[in-house]
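Asker: To start, I am sharing the structure in question, which I have written as structure tokens.
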Amino acid sequence: MGRRKNEETSRARGLVADFVREATARGLRTTELRARGYDGRSSYRTGLVGWYLPRDRTIAAGTDGECYLLVVPDSLRARLVGVTLAPYDVPLQIGRGARDGESIDLPALLQLRLDAGDDWPA
């Protein structure tokens, strides 16, 4: 990983850790996080608890202070036993380069999520 990428990852991790501390301090309700299959129809247990970040539920912050990408390959095994997710190096801009053209800076997304409180889609 290049120096610039390492700096971005470090800054993003700090922002997410700050978000988790603030969400916990505010008493924001957590939820059991579920991953979605590539087909968009399947949903899998993750064993993680935290807060969904974008409204499309593709990324979440866990109570452990890590971010997780919640889109996974579809599988029968995952339907039966769930999925194990590794922490995700969330970028500073969510949705950069996406085909739908929607992107948002990570600090802005985290602030929106905090400001919404428990009114965010769970």
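The values are calculated or read from the model by the stated rules, or taken from the named source; none is laboratory data. Computed from a prediction, not measured in an experiment: that's the story for all the values here. Cβ: placed from backbone, ideal geometry, glycine included. Neighbour counts: every protein chain shown. Areas reflect the complete protein model, heavy atoms only, side chains present, ligands, DNA and RNA absent. Shrake-Rupley method; radii C 1.70, N 1.55, O 1.52, S 1.80 Å.
Asker: For region 1-105, what is the charge dipole size about the Cα centre, in debye to the nearest 20, if Lys and Arg each add +1 at the Cβ and Asp and Glu each add -1 at the Cβ?
Answerer: 180 debye
Asker: Can you give the alpha-carbon Rg of region 33-122 over 2.2 N^0.38 Å, where N counts its residues?
Answerer: Working it through for region 33-122, the quotient is 1.09.
Asker: Just add up the charged neighbours of Thr30: K/R +1, D/E -1, any other residue whose Cβ is under 12 Å from the Cβ of Thr30.
Answerer: -1
Asker: Averaged per residue, what accessible area in Å² does the chain show with a 1.4 Å probe, protein chains only?
Answerer: I get 61 Å² per residue for the chain.
Asker: With a sphere of radius 12 Å drawn around the Cβ of Asp119, what net charge do the other residues whose Cβ falls strictly inside it have (Lys, Arg +1; Asp, Glu -1)?
Answerer: +1
Asker: Residue farthest toward the positive end of the dipole of the chain, with Cβ of Lys/Arg at +1 and Asp/Glu at -1: which of Val81, Thr24, Gly37?
Answerer: Val81
Asker: What order do you get for 108-117, 72-81, 52-61 when each peptide is scored by the mean count of other beta carbon atoms within 10 Å, highest first?
Answerer: 52-61, 108-117, 72-81
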